[in-house]
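Okay, so here's the structure we're looking at.
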Amino acid sequence: MRWTSVVWSVVYLLLLLSLLTPLSIVTVFFLILPATILFATLNVRSFLLHVLPVWLIAFIVHPVYLLLAMYFMVPSIVMGWSYKRKNSALRTLLIGSGTVLAEMLVLLLIGTLFLHFDLSGYVHDIVKMTMSPLKDVGGNNPLISDMVWTPEKMQIVSDMTMQMIPFAMIISSFMMGVITHSLARPIIESTGYHVPKLKPAREWMLPKSLIWYYLIGVVIEVFARGSHNSFLIMIAANLVPLLHICFMIQAIGFFYFLAYSKKWHPAIPLVIVIPILLFPPMRIIGILDLAFPLRQYMTKSKR
């Protein structure tokens, strides 16, 4: 029982206890990190010796903490097992994020079928609670007195929020996987275990088939604008934004490749990442990089 493992057990307990506090907005993204490190660096017996006391303390504080701990333990074990198997970094990241997403879907399914959880009504209540202060401010402030949040407008916002839930679930699960891998890999490496890392950004290349998916998404988006088909509208509201993020990643990889081939200062592509994230139309660079051999052209022009 190394002291570092004990420290990570304490961190794991503190993160668990933060889930019922306002800090959970941030700490939830780090929750699978401690257990992933413990599972990847310890055998099963030592892992249980570290985790079970944490669960016992959490259960004593409040039983709901134990349920939350069990929920977030699944992706931790999956990613830790993948690290032990020396799987590629991308595979570990994808199966970890996929596990989180699958758990979200299963939890939503159980809540809907067995606990009669109404997601639409819950979203409407959240939107109503959020918009009520704005409505009060609008009524007292002459500059924004025209902002009247009628029930119809609130319903429109609720419907738009419902349509974007799949997008939010995918992005949040992917962010949890990225944060966990980004922090877990160097920590596990420092303990003497070799963990594969992601390819350098200059080698990032997404499948060219994303171009066709994007065209399909644009067509669906055009038809969805004048349609009352909720399923079609939901596909359009989620598919195209997800592909936009993919093209932004591709654009980042292109500029890192360009900096490497032109021998620019390493800080230059890092600075270019900022406008790519803040100015979404720059994703066109990623689209062009996938559709045309821009990188080969840059290499040939260098020669």
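The values are calculated or read from the model by the stated rules, or taken from the named source; none is laboratory data. Keep in mind the model is a prediction, meaning the values are calculated, not measured. Glycine also receives a Cβ, built like all others from the backbone with ideal geometry; neighbour counts cover every protein chain displayed. We work out accessible area using only protein heavy atoms, side chains counted, and drop any ligands, DNA or RNA first. Shrake-Rupley method; radii C 1.70, N 1.55, O 1.52, S 1.80 Å.
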Evaluate 2.2 N^0.38 Å with N set to the residue count of segment 185-238, then give the Cα radius of gyration divided by it.
2.00
Per its Cα gyration tensor (rounded if a/c is under 1.5, else prolate when a/b beats b/c, else oblate), segment 13-114 is best filed as oblate
Taking Rh as the Kirkwood radius, which is the inverse of the mean 1/r over Cα pairs, what is the Rg/Rh value for the chain?
1.02
Given charges of +1 on the Cβ of Lys and Arg and -1 on the Cβ of Asp and Glu, with all other atoms neutral, how large is the dipole of segment 161-285 about its Cα centre, in debye to the nearest 20?
340
Whole-Å distance, taken between Cα centres, linking segment 11-53 and segment 59-97
9
Listed residues Lys86, Lys263, Lys199; largest mean-square fluctuation, Gaussian network over the chain with Cα springs below 10 Å, found at Lys263
Under the helix-only model (-39500 (n - 2.57) for each DSSP H run of 4 or more, divided by the residues of the chain), the mean residue ellipticity at 222 nm, to 500 deg cm²/dmol, is -25500 deg cm²/dmol
Using mean Cβ contacts within 10 Å as the protection proxy, how do 58-67, 114-123 order, highest first?
58-67, 114-123
Work out from phi, with θ = phi - 60° and the Karplus expression 6.51 cos²θ - 1.76 cosθ + 1.60, the ³J(HN,Hα) of each residue of segment 284-291, listed in order in whole Hz, and give x for Gly and Pro.
4, 4, x, 5, 5, 5, 7, 7
Could you grab the Rg to Rh ratio for segment 62-101? Cα atoms only, Kirkwood for Rh.
1.10
Debye equation applied to the C-alpha atoms of segment 202-274, log10 I(q)/I(0) at 0.13, 0.14, 0.21 Å⁻¹:
-0.51, -0.56, -0.84
Could you derive backbone 3J(HN,Hα) for segment 250-256 from the dihedral phi with the Karplus parameters 6.51, -1.76 and 1.60 (θ = phi - 60°), listing whole Hz in sequence and x where the residue is Gly or Pro?
5, 5, 4, x, 5, 5, 5
Mean separation of Cα pairs under 8 Å and 6+ residues apart, divided by the residue count of the chain: what relative contact order is that in percent?
15
For the charge dipole of the chain, defined by +1 on Lys and Arg C-beta atoms and -1 on Asp and Glu C-beta atoms about the Cα centroid, which residue among Leu23, His116, Ile216 has the Cα displaced farthest towards the positive pole?
Ile216
Could you look at the chain and say what percent of its accessible area is carbon and sulfur, using a 1.4 Å probe and all protein chains?
75
Mean shadow area of segment 166-303 over all directions, Cα convex hull, nm²
10.6
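Could you provide, to the nearest whole Å², the per residue accessible area of the chain with probe 1.4 Å?
Computed with neighbouring chains in place, this is 60 Å² per residue.
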Per the charge dipole of the chain (beta-carbon charges, Lys/Arg positive, Asp/Glu negative, Cα centre), the residue among Met104, Leu206, Gln155 reaching farthest to the positive end is Leu206
Karplus-derived 3J(HN,Hα) from phi for segment 106-113 (6.51 cos²θ - 1.76 cosθ + 1.60, θ = phi - 60°), whole Hz, x at Gly and Pro, runs 5, 5, 5, 5, 5, x, 6, 7
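Using +1 on the beta carbon of Lys and Arg, -1 on that of Asp and Glu, and nothing else charged, what's the dipole of the chain about the Cα centre, debye to 20?
On the way: 22 positive and 11 negative charges, 365 e Å.
Result for the chain is approximately 1760 debye, rounded to the nearest 20.
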